[in-house]
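The values are calculated or read from the model by the stated rules, or taken from the named source; none is laboratory data. Remember, it's a predicted structure, so these values are computed and weren't measured experimentally. Cβ coordinates were reconstructed from backbone atoms using ideal geometry, including for glycine residues, and neighbour counts include every protein chain displayed.
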Amino acid sequence: MKEKLARFIAQKSYREGDFTLASGKKSPFYIDLKATTLHPEGAWLIGRLAVQTIKDAGLVVDAVGGMTLGADPIATAVSLVARDEAILWPAFIVRKEPKGHGTARYIEGTENLTAGARLLVVEDVATTGGSSLRAVERLREAGYNPVAVLAVVDRDEGARTAFEAAGLVFFALATLEEIKNAANKQESIPA
């Protein structure tokens, strides 16, 4: 299933060219994971692999989410696949800025979380880890306990080290190398 996800990402989301990443770094390739996370097959593969990864690690979590926008479809996919296995992991969203009206809060879905809840933070592509570390900081400030970060893709450019330094376990469903290898195989994937 891991290889199938890598192939799916290679076809739907991997691009070569001249790109500037969210971290500000320049890159000769880009992984726009939304084409994968918003596709039913991609979302299902991500949810299935994420749930299996967390179960295999023996990690106890109470909910799953991360920084909007990249984490939103991932958190939903993981939450739904977990439910199919009788595991209740509600999804949550961390905003980049507090909501401009109503509750004016950074975190959505708190009604489904308890104080001190152990949280799995998800993200689409991890480069330096900055986005998820901002989410972790907001979650800790709100009284929650982020215990791990799970990225769909690890670019292997420092995110793991940053997460571990912040006391978080780090998981990646695919590596950049696996996606590049899959891109070279060019197998057809359904639209």
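Can you pull out every residue in segment 22-39 that is buried (at least 16 other Cβ atoms within 10 Å of the Cβ), touching a residue at least 40 places away in the same chain (Cβ under 8 Å) and of a type in the set (A, V, I, L, M)?
Ile31, Leu33
Only one of these conditions is not met by Gly167: (1) modelled with pLDDT of 95 or more; (2) out of contact with any Leu (no Cβ under 9 Å at 6 or more places or on another chain); (3) part of a helix (DSSP H, G or I). Which number is it?
The single condition Gly167 does not satisfy is (3).
Being within 15 Å of Asp124 (Cβ to Cβ) and charged (D, E, K, R) is the filter; apply it to segment 1-21 and report the residue that is surrounded by the fewest Cβ atoms within 10 Å (Cβ to Cβ).
Arg15
If you take just the strands (runs of 3 or more DSSP E) that sit entirely in segment 1-92, which of them hold at least 3 residues that are hydrophobic (A, V, I, L, M, F, W, C)?
Fully inside segment 1-92 and qualifying: 63-67.
Could you tell me whether Glu111 is in contact (Cβ under 8 Å) with a residue 60 or more places away in the chain and not in a loop (DSSP other than H, G, I, E, B)?
Numbers: in contact (Cβ under 8 Å) with a residue 60 or more places away in the chain: no; not in a loop (DSSP other than H, G, I, E, B): yes.
So Glu111 fails the test.
Considering only residues that are modelled with pLDDT of 95 or more, among the acidic types (Asp, Glu) and either farther than 24 Å from Arg48 by Cβ or in contact with a His (Cβ under 9 Å, 6 or more places away or on another chain) (or both), which ones fall in segment 87-132?
Answer for segment 87-132, where residues must be modelled with pLDDT of 95 or more, among the acidic types (Asp, Glu) and either farther than 24 Å from Arg48 by Cβ or in contact with a His (Cβ under 9 Å, 6 or more places away or on another chain) (or both): Glu108, Glu111.
Being surrounded by 20 or more Cβ atoms within 10 Å (Cβ to Cβ) and more than 27 Å from Lys4 (Cβ to Cβ) narrows it down to one residue among Val61, Val94, Val51; which is it? Step through it out loud before you land on a result.
Numbers: Val61 fails: more than 27 Å from Lys4 (Cβ to Cβ); Val51 fails: more than 27 Å from Lys4 (Cβ to Cβ).
Sole residue among the options that is surrounded by 20 or more Cβ atoms within 10 Å (Cβ to Cβ) and more than 27 Å from Lys4 (Cβ to Cβ): Val94.
Go through Arg83, Arg134, Arg155, Arg160 for me and flag whichever is buried (at least 20 other Cβ atoms within 10 Å of the Cβ), within 30 Å of Lys12 (Cα to Cα) and of a type in the set (D, E, K, R).
On the way: Arg83 fails: buried (at least 20 other Cβ atoms within 10 Å of the Cβ); Arg134 fails: buried (at least 20 other Cβ atoms within 10 Å of the Cβ); Arg160 fails: buried (at least 20 other Cβ atoms within 10 Å of the Cβ).
Result of the check over Arg83, Arg134, Arg155, Arg160: Arg155.
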